Amino acid sequence: MAKTITKKFVPDPRPLFRIEGNAYCKILNYVKLCEREISWHGFVTRGQDDNAHIFTLHDVILFPQTVNFTYCKLTGEYYTWYKKNISIDQEFEEQCKLFGHSHITGDVSPSDCDKQYYANIVRDFVEYGDEYYIFMIMNRAEKMDLQIFDYKTMVKYYTEDIDCRIVKSIRNPAPSPIKDIRKEIEKNVSVGVYRYSG
């Protein structure tokens, strides 16, 4: 019988999600510079032993995607990109534990499509024995929705369960220039065309 992740009473200490400052700035620029929805992967580490409730987001990266005002979809280039940029480095791949996307000016609650996508990812990660995965939604008002799926304890944490802090950047102390972020968006993000089939 497949394991089911459940929501239950939040333990003490509460989960702490730390976002390094430069990673936060990159996310905010992704959201504000792209006129449509945009999505990203994040590199996260988890504390050990007594600090196992602490998750730290060190950096984020865009991947090849087609976007519109209501969705982001992987392109056919994604898997080639993943092999060249993520799986080529074991540490990178082990830390690729976050999927984030924007809702532009809308509410940050996950849509039905988001929930289905989350369920698909969670199923795959549980199957492969990973320890945790995190989902993030942010809008231009900097409102954020977070969900942490902890496969170690089989508990799912929602935004209201999680303490979130912006902290000093350790991995990338120099902020990414806006021009570099624009180039990253231009390289990886294409606009989807809606075709009516009536």
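The values are calculated or read from the model by the stated rules, or taken from the named source; none is laboratory data. These figures come from a predicted structure and were not determined experimentally. Here Cβ is always computed from backbone atoms with ideal geometry, including for glycine, and neighbour counts include all displayed protein chains.
Filter segment 69-91 for residues that are assigned to a loop (DSSP other than H, G, I, E, B) and over 18 Å from the mean Cα position of the chain (by Cα); which is nearest to E37 (Cα to Cα)? Don't jump to the end; show me each part of the working.
Taking segment 69-91 as the starting set, the residues that turn out to be assigned to a loop (DSSP other than H, G, I, E, B) are 69-71, 75-77, 86-89.
Narrowing further to those that are over 18 Å from the mean Cα position of the chain (by Cα): 69, 76-77, 88-89.
On the way: F69: 6, G76: 18, E77: 19, I88: 28, D89: 28 Å.
Checking each candidate, the answer is F69.
Here are T80, T56: which of them is over 16 Å from E142 (Cα atoms), of a type in the set (V, I, T) and in contact (Cβ under 8 Å) with a residue 40 or more places away in the chain?
Details: T80 fails: in contact (Cβ under 8 Å) with a residue 40 or more places away in the chain.
Just a single option satisfies the conditions, and that option is T56.
Among residues belonging to segment 170-187 that are closer than 16 Å to K32 by Cα and surrounded by 13 or more Cβ atoms within 10 Å (Cβ to Cβ), point out the one that is modelled with the lowest pLDDT.
If we filter segment 170-187 for residues that are closer than 16 Å to K32 by Cα, which is where we start, we get 176-186.
Now drop any that are not surrounded by 13 or more Cβ atoms within 10 Å (Cβ to Cβ), which leaves 176, 181-182, 184-185.
Numbers: S176: 83, I181: 95, R182: 95, E184: 95, I185: 95.
Across segment 170-187, the extreme among qualifying residues is S176.
Of the residues that sit in segment 83-102 and are touching a residue at least 60 places away in the same chain (Cβ under 8 Å) and of a type outside the set (A, V, I, L, M, F, W, C), which one is surrounded by the most Cβ atoms within 10 Å (Cβ to Cβ)?
Step one: list which residues in segment 83-102 are touching a residue at least 60 places away in the same chain (Cβ under 8 Å), which gives 99-102.
With the extra rule that they be of a type outside the set (A, V, I, L, M, F, W, C), the set shrinks to 100-102.
On the way: G100: 22, H101: 21, S102: 25.
If we take residues in segment 83-102 being touching a residue at least 60 places away in the same chain (Cβ under 8 Å) and of a type outside the set (A, V, I, L, M, F, W, C), then S102 is surrounded by the most Cβ atoms within 10 Å (Cβ to Cβ).
Provide a single number: the residues in segment 29-62 that are part of a helix (DSSP H, G or I) and over 16 Å from the mean Cα position of the chain (by Cα). Even if it seems obvious, please write down each step before you answer.
To start, the set of residues in segment 29-62 that are part of a helix (DSSP H, G or I) comprises 29-33, 49-51.
Still in the running and over 16 Å from the mean Cα position of the chain (by Cα): 32-33, 49-51.
Residues that pass the stated criteria total 5.
Which one of F99, F125, F92, F135 is among the hydrophobic types (A, V, I, L, M, F, W, C) and in contact with a helix residue (DSSP H, G or I) (Cβ under 6 Å, 6 or more places away or on another chain)?
Numbers: F99 fails: in contact with a helix residue (DSSP H, G or I) (Cβ under 6 Å, 6 or more places away or on another chain); F125 fails: in contact with a helix residue (DSSP H, G or I) (Cβ under 6 Å, 6 or more places away or on another chain); F92 fails: in contact with a helix residue (DSSP H, G or I) (Cβ under 6 Å, 6 or more places away or on another chain).
None of the others qualify; the one that does is F135.
Could you check how many residues of segment 33-51 are within 19 Å of E94 (Cα to Cα) and free of Cβ contacts under 8 Å to residues at least 24 places away in the same chain?
Looking only at that region, the number is 4.
Give segment 44-78 a look and list any residue that's acidic (D, E) and either surrounded by 17 or more Cβ atoms within 10 Å (Cβ to Cβ) or within 30 Å of R14 (Cβ to Cβ) (or both), or say none. Lay out the reasoning, then the answer.
Taking segment 44-78 first, the residues acidic (D, E) are 49-50, 59, 77.
Of everything in segment 44-78, those that are acidic (D, E) and either surrounded by 17 or more Cβ atoms within 10 Å (Cβ to Cβ) or within 30 Å of R14 (Cβ to Cβ) (or both) turn out to be D49, D50, D59.
Report, by residue number, each residue of segment 170-193 that is in contact with a Phe, Trp or Tyr (Cβ under 9 Å, 6 or more places away or on another chain) and not aliphatic (A, V, I, L, M).
R171, E184, N188, G192
I'm told Q116 meets every condition in (1) surrounded by 13 or more Cβ atoms within 10 Å (Cβ to Cβ); (2) free of Cβ contacts under 8 Å to residues at least 24 places away in the same chain; (3) out of contact with any strand residue (DSSP E or B) (no Cβ under 7 Å at 6 or more places or on another chain) except one. Can you identify the failing condition by its number?
Among (1) surrounded by 13 or more Cβ atoms within 10 Å (Cβ to Cβ); (2) free of Cβ contacts under 8 Å to residues at least 24 places away in the same chain; (3) out of contact with any strand residue (DSSP E or B) (no Cβ under 7 Å at 6 or more places or on another chain), Q116 violates only (1).
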